[in-house]
Amino acid sequence: MASMRDIKRRKGSIQSTQQITKAMKLVSTVKLQRAKGRAEKSKSYFECMYETVTSMLAKTGSLEHKYLKAGDSQKKAVIMITSNRGLAGGYNSNVIKLITQGDFKKEDLCIYAVGGKGRDTLGRYGYEIKADYSDCIEEPVYVDAMNISKELLNGFAAGEFGEIYLAYTSFKNTVSHEPKLLKLLPVEIEAGEAEEEKTSKALMNFEPEDDQALDMIIPKYITSLIFGAMVESAASENGARMQAMDSATSNAEEMISNLTLMYNRARQGSITQELTEIIAGANAIS
């Protein structure tokens, strides 16, 4: 059995850690309330944007446009949204697994990292980090998403890569977050929408010309999805960290309780031993 001094020292260390986890839980809770409000307000808009654009493109017929067909390059660009800090449970690792354990080949990927944890991990694994936008995730704003979208679309149009993907964590509620991998370009049309395209006699008409219209619509569509993913990821990160710190605080409380019991037993054993020694000494003198 460990000595009373060791038990007391360990108990004090755990109590100090518990104070930190409590403070981090409170901070995450406050941040979550603000991020949750932004995510819930914007979620409907971005979902509607995605459904509207995919439905519209399903009715365009055999329209030729630089954003609607896969490029000749085998390279794939992946926007990976993680956090800049840890202590958030499996939040970061779940997004990273979408890439490392998916169907992608390492040599074919160009990573556009939004978040230092994902950037550092994939960098250690040997993935190509094409660009780093880690500062953007601290306080997501639409302008940052626009800059990322612009760089990706320029690369896609120039043939640097043939496909663009988005890996992020979808925010459902405070305790439920789902890692998602979404293909941005070329735009994928659902099976039901593709069938509707075949049977529908009325195709989509564009005003002005289709190229000009798509040159305006697609960048707006990509930017909106990236910004929506950043907002949802920020809320998911704080929710995951709040849960992780709550679990850590509960575990610390349980460990402190067990150590208190161990300390009392050790103290009781020490007192019993001292009494035994005193009685044995008294008997020896008499």
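Key figures for this structure:
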{"read-out": "Within region 22-243, percent of DSSP bridges classed antiparallel, to nearest 5", "value": "40 percent"}
{"read-out": "Theoretical gain in end-to-end length, E209 to N258 [0.36 nm per residue, Cα-Cα removed]", "value": "10.3 nm"}
{"read-out": "Folded to 0 to 90 degrees: helix 91-100 orientation relative to the chain principal axis, Cα", "value": "50 degrees"}
{"read-out": "Candidates L261, L32, L166: whichever shows maximal mean-square fluctuation once the chain is modelled as a Gaussian network with Cα springs under 10 Å", "value": "L261"}
{"read-out": "Unit charges at the beta carbon, dipole of region 22-243: most positive-side option, I217, S233, A58", "value": "S233"}
{"read-out": "Top positive-direction residue, dipole computed over the chain with Cβ charges, set L259, G89, Q18", "value": "L259"}
{"read-out": "Neighbour net charge for P179 - beta-carbon separation under 13 angstrom, K R +1, D E -1", "value": "0"}
{"read-out": "Flagged links, alpha-carbon separation over 23 Å, of K105/K130; K11/K31; K66/K172; K130/K150; K41/K172; K66/K150", "value": "K11/K31; K66/K172"}
{"read-out": "Only Lys, Arg (+1) and Asp, Glu (-1) charged, at Cβ; region 22-243 dipole about Cα centre in debye", "value": "1340 debye"}
{"read-out": "Rounded to 10°, Cα long-axis angle of helix 142-157 versus longest principal axis of the chain", "value": "60 degrees"}
{"read-out": "From the coordinates shown, Cα extents along the principal axes in Å corresponds to which of (1) 82, 51, 27; (2) 114, 37, 34; (3) 51, 48, 39", "value": "(2)"}
{"read-out": "Cβ-Cβ FRET estimate between S93 and R5, R0 fixed at 30 Å, reported to 0.05", "value": "0.20"}
{"read-out": "Distant-in-sequence amide H partners of T169 (H built 1.01 Å from N, under 5 Å)", "value": "K180, S233"}
{"read-out": "Simple label model, 7 Å out from Cα along Cβ direction - V141 to E277, nm", "value": "7.0 nm"}
{"read-out": "Linear extension gain, S176 paired with T100, 0.36 nm per residue minus alpha-carbon span", "value": "25.1 nm"}
{"read-out": "Neighbour net charge for S73 - beta-carbon separation under 12 angstrom, K R +1, D E -1", "value": "-2"}
{"read-out": "Mean separation of Cα contacts under 8 Å, 6 or more apart, over the residue count of the chain: relative contact order %", "value": "32 percent"}
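Each reported figure results from applying straightforward, stated rules to the coordinates on display, with no laboratory input. In this text, all values refer to a predicted model and were calculated from it rather than measured experimentally. FYI the Cβ positions are ideal-geometry reconstructions off the backbone, even for glycines, and counts take in every protein chain you see.
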